[in-house]
1. Does segment 161-176 hold any residues that are part of a strand (DSSP E or B) and either free of Cβ contacts under 8 Å to residues at least 24 places away in the same chain or buried (at least 16 other Cβ atoms within 10 Å of the Cβ) (or both), and which are they?
2. Considering only segment 255-267, I want to know if a residue exists there that is touching a residue at least 24 places away in the same chain (Cβ under 8 Å) and part of a loop (DSSP other than H, G, I, E, B).
3. Restricting to segment 138-192, and then to whatever is among the hydrophobic types (A, V, I, L, M, F, W, C) and either at pLDDT below 95 or more than 19 Å from the chain's Cα centre (by Cα) (or both), can you tell me which residue is nearest to Glu274 (Cα to Cα)?
4. Of the residues Glu105, Glu62, Glu55, which single one is surrounded by fewer than 21 Cβ atoms within 10 Å (Cβ to Cβ) and part of a strand (DSSP E or B)?
5. Output the number of residues of segment 74-95 satisfying the condition of being in a loop (DSSP other than H, G, I, E, B), touching a helix residue (DSSP H, G or I) at 6+ places or on another chain (Cβ under 9 Å) and closer than 20 Å to Ser288 by Cβ.
6. Name, by its number, the condition in (1) under 22 Å from Leu116 (Cα atoms); (2) touching a strand residue (DSSP E or B) at 6+ places or on another chain (Cβ under 9 Å) that does not hold for Thr69.
7. Within segment 258-282, can you find the residues that are touching a Phe, Trp or Tyr at 6+ places or on another chain (Cβ under 8 Å) and of a type in the set (Gly, Ala, Ser)?
8. With the condition kept exactly as written, say whether any residue in segment 48-65 is more than 21 Å from Leu287 (Cβ to Cβ) and in contact with a Cys (Cβ under 7 Å, 6 or more places away or on another chain).
Amino acid sequence: MDLYQLPAVTALSDCVTTTQKDNLKIVRVMHPKAKCAVSLFGGHVLSFIPQGKPEAIWMSDEAKFDGKTALRGGIPVCWPWFARMANPAHGFCRTSEWELVEHRENETGVMLRLALTTTEQTFKIWPHHFELFLDIEVGDELKVSLKMHNLDEQAWKFSGALHTYLNVSDIHNTETIGMGDEYIDSLNSGALTQGGDVLTLSDTIDRVYTKPSDCITLLDKGFERQLNVKNHGANSAVLWNPWAQGAQAMGDMPDDGYKGMLCIEACQWAPDLESGTEIVPGGTYTLSTTISAG
């Protein structure tokens, strides 16, 4: 899927255009430092290609661009909860229409700001008033920041994640370091488990690492590169790959899609809605992830 070859619908600046993919409006950045594509449906980063380097973000070839289904791949915004503690799974942000409210550019890169606020539909799902900004900074590295603002008259709690799918040459030829040695194993009834310093995969994984380093590094032998992930405002890092059996069970992932991806997610994790992070009226919180290729 080459989103950069689609015809432009609108030119917003020298480096920023919009295009259409099926039912979705996509904002594209084409800057000397890097290219990036973002769907307004879901506030969803679809691509980040640093100049002269391979694609850093994995998108499924079977992702549905129908404007109803959450996109498989990219960087989904999971909020105001993470996982399946309520319906819909991972919250409503990844199936909501965001608005592009600002864009800036200079010689070092481009910044896009997307916004989402309370609607009648979101209030039915989660009865609180909020404002979200998603700042996407595209340059030598990609920084995605989810900025939350409590517009309610009472405190509310949240959990969430920037659910990054990283693009790899072959998951069998990767190593991950920096995730820490303690994790909650979602495939083993949430058991708190001790692991090693280096992660190599030969089967499915779904783990909430509770003590990650400031930088998690994915070493990719096939692409002869490393992807560095720095998360802030997160109390954990989630690593996930569905492996063959999981991919085969998904209608929006090729059977071999698992070979080309690994999720390393910035996550403010909680076991349930009541245990989430509290934001008082007028308060703010920022969750961010920064991805660079070396």
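The values are calculated or read from the model by the stated rules, or taken from the named source; none is laboratory data. On a predicted model such as this, the values are computed, not experimentally measured, just so you know. FYI the Cβ positions are ideal-geometry reconstructions off the backbone, even for glycines, and counts take in every protein chain you see.
1. Matches in segment 161-176: Ala161, Leu162, Tyr165, Leu166, Asn167, Thr174, Thr176.
2. No; the residues of segment 255-267 include none that is touching a residue at least 24 places away in the same chain (Cβ under 8 Å) and part of a loop (DSSP other than H, G, I, E, B).
3. Trp156
4. Glu105
5. Selection size over segment 74-95: 3.
6. Thr69 satisfies every listed condition except (2).
7. Matches in segment 258-282: Gly260, Ala270, Gly276.
8. There is no residue in segment 48-65 that is more than 21 Å from Leu287 (Cβ to Cβ) and in contact with a Cys (Cβ under 7 Å, 6 or more places away or on another chain).
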